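Engineer: The structure that follows is given in the form of structure tokens.
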Amino acid sequence: MPTSATGSNAAARAVGERGFTLVELMVVVTIIGLASAVVMWAMPDPRGRVTDEAARFALRVKGAHDTAIVEAHPVSLWVTGGGYGFDRRLAGSWVPIAEKPLRVTQWTEGTSATIGDAGGRTRVTFDETGLADRAATVSLRRSGARADVQIDADGTVRVVG
């Protein structure tokens with residue numbers, strides 16, 4: 001095998017074969033881009049689903065129902081397009097409940113509420129036995145999704161949709 005004064009050509013060829021080609025790098029970048037796109041589409045809405053908000057609202061209404069029974073005082077729920085809250089009947093007047101689960105709450109950004117039987121504001125009162133003074137339906141909408149919370153006169157609360 002002929003050799004030169006500077007050595008053989010094999011070492012120079014080995015250096016040139018190390019690393020990645022441009023095509024290999026482009027394939028990797030494309031795969032990373034596709035994976036990122038899939039992850040972005042699969043990520044849940046940071047506001048949560050409207051059915052989750054309806055379930056949270058229904059649980060709080062059920063909590064107000066239970067509070068009326070346990071404390072033997074009427075508890076009312078008021079609902080508007082912007083939010084909802086709970087009041088307790090004490091000494092002949094309605095007093096807002098300030099405790100965390102039943103305090104005034106605004107709907108999540110982008111959520112609109114429609115009260116089935118009234119345009120602006122409605123109030124449902126649970127008496128000491130847990131019965132509601134009337135039935136009501138609250139419809140929540142966000143980004144094309146809809147969930148209804150039904151409050152029956154017997155105090156039953158359920159999410160539909």
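Engineer: Under the condition of being in contact with a helix residue (DSSP H, G or I) (Cβ under 8 Å, 6 or more places away or on another chain) and among the basic types (Lys, Arg), which residue from the range 117-161 is farthest from THR80 (Cα to Cα)?
Structural biologist: Among those that are in contact with a helix residue (DSSP H, G or I) (Cβ under 8 Å, 6 or more places away or on another chain) and among the basic types (Lys, Arg), it is ARG158.
Engineer: Right, here's the next one. If the requirement is being closer than 18 Å to GLY63 by Cα, among the β-branched types (Val, Ile, Thr), assigned by TED's automatic domain parsing to the domain that holds ALA55 and not in a strand (DSSP E or B), which of these qualifies: THR108, THR125, THR129?
Structural biologist: Matching residue, one of THR108, THR125, THR129: THR129.
Engineer: Sort out which residues of the range 127-150 are surrounded by fewer than 15 Cβ atoms within 10 Å (Cβ to Cβ) and among the β-branched types (Val, Ile, Thr), and write them in order of number.
Structural biologist: Within the range 127-150, THR129 is the sole residue that qualifies.
Engineer: Does ALA113 fit the bill of being touching a Gly at 6+ places or on another chain (Cβ under 8 Å) and part of a strand (DSSP E or B)?
Structural biologist: Criteria met by ALA113.
Engineer: Does VAL75 fit the bill of being modelled with pLDDT of 95 or more and farther than 18 Å from VAL159 by Cα?
Structural biologist: Here the answer is yes, as VAL75 does meet what is asked.
Engineer: Can you tell me which residues in the range 83-105 are surrounded by 12 or more Cβ atoms within 10 Å (Cβ to Cβ) and not in a strand (DSSP E or B)?
Structural biologist: ILE97, PRO101, LEU102, ARG103, VAL104
Engineer: While we're on this one: For ALA64, state whether it is touching a Phe, Trp or Tyr at 6+ places or on another chain (Cβ under 8 Å) and assigned to a helix (DSSP H, G or I).
Structural biologist: Considered against the rule, which asks whether it is touching a Phe, Trp or Tyr at 6+ places or on another chain (Cβ under 8 Å) and assigned to a helix (DSSP H, G or I), ALA64 comes out as yes.
The values are calculated or read from the model by the stated rules, or taken from the named source; none is laboratory data. Only a predicted model underlies this, so the values are computations on that prediction, with no experimental measurement involved. Because the Cβ atoms are built from the backbone with ideal geometry, glycine has one as well, and the counts that use them run over all protein chains shown.
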